[in-house]
Amino acid sequence: MAELWETTFVEKQLMWGSEPTASAIFASDYFARMGVKDVLIPGVGYGRNAKAFLDQRMSVTGIEISATAIALARSRLGLQIPIHHGPVADMPYDSRQYDGVFCYGLIYLLGTDGRTKLARDCYRQLAPGGYMIFTVISKKAPMYGQGARLGDDWYERGPGLQMFFYDAASVEREFAPYGLIEFSAIDELMPGGGSFPFINVVCKKGDDL
């Protein structure tokens, strides 16, 4: 049974492919223009998004709760970057500050307190003058409003799957305390075709912090 579960998990992970997301490419290009050299990726998964930053010759450190995903990053993608094994709720895992932080998708799976803590913890590990980019799902997504309503724009899509959907107002509200400078819409391709609307949120830490 354990072997069957492991095989199913691997297949679900790899269905997303090995290429970085559009948001990771956006973030790596943005970071490159801003001179970012060291990047922290909470929720790095099996590492496909890390490749976008490595291709720009940035150093990358990941955080990942799944040991299987970390093993996939090593065995399937050949990544030898440092990856802290554990939940983002336990940040920080090291005492470093990073020039850039990129967080794809993860934050909208958390409740109100969890989202606040993750944004705050990422900001704390951001070096003065550094940038962080969060990719969040938009209220324009077709599944918005489906499932049990847990709060404003927050729904339980299935057992253990909670999602918070963003618009301009909630982006401003949740990220303004962390140096929000801009946000923009982006479409991300889904397995099997089609795309879903996301928002890339860019924050900057002041040079004097």
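Just to verify a result, which residue in segment 32-75, among those that are of a type in the set (D, E, K, R) and crowded, with 22+ Cβ neighbours inside 10 Å, is farthest from Thr135 (Cα to Cα)?
Glu64
Here's a check for you: in segment 16-64, which residue that is among the aliphatic types (A, V, I, L, M) and over 15 Å from the mean Cα position of the chain (by Cα) is farthest from Leu77 (Cα to Cα)?
The qualifying residue farthest from Leu77 (Cα to Cα) is Met34.
Here are Phe134, Phe165, Phe196, Phe102: which of them is among the aromatic types (Phe, Trp, Tyr), closer than 26 Å to Ser66 by Cα and surrounded by fewer than 18 Cβ atoms within 10 Å (Cβ to Cβ)?
Unique residue meeting the criteria: Phe196.
Just the residues that are in contact with a Phe, Trp or Tyr (Cβ under 9 Å, 6 or more places away or on another chain) and surrounded by fewer than 16 Cβ atoms within 10 Å (Cβ to Cβ), please, taken from segment 105-122.
Those that are in contact with a Phe, Trp or Tyr (Cβ under 9 Å, 6 or more places away or on another chain) and surrounded by fewer than 16 Cβ atoms within 10 Å (Cβ to Cβ): Gly111, Thr112, Arg120.
Please give the number of the condition Ala69 fails out of (1) closer than 24 Å to Ala32 by Cβ; (2) under 16 Å from the mean Cα position of the chain (by Cα); (3) hydrophobic (A, V, I, L, M, F, W, C).
All conditions pass for Ala69, except number (1).
Being more than 23 Å from Asp152 (Cα to Cα), among the polar types (S, T, N, Q) and modelled with pLDDT of 95 or more, is that true of even one residue in segment 63-73?
no
Does Gly86 count as farther than 19 Å from Ala50 by Cβ and either out of contact with any strand residue (DSSP E or B) (no Cβ under 8 Å at 6 or more places or on another chain) or surrounded by fewer than 16 Cβ atoms within 10 Å (Cβ to Cβ) (or both)?
Against the criterion (farther than 19 Å from Ala50 by Cβ and either out of contact with any strand residue (DSSP E or B) (no Cβ under 8 Å at 6 or more places or on another chain) or surrounded by fewer than 16 Cβ atoms within 10 Å (Cβ to Cβ) (or both)), Gly86 does not qualify.
The values are calculated or read from the model by the stated rules, or taken from the named source; none is laboratory data. Given the structure is predicted, the values throughout are model-derived calculations rather than measurements. Counting neighbours? That spans all protein chains shown, and the Cβs are built from the backbone with ideal geometry, glycine included.
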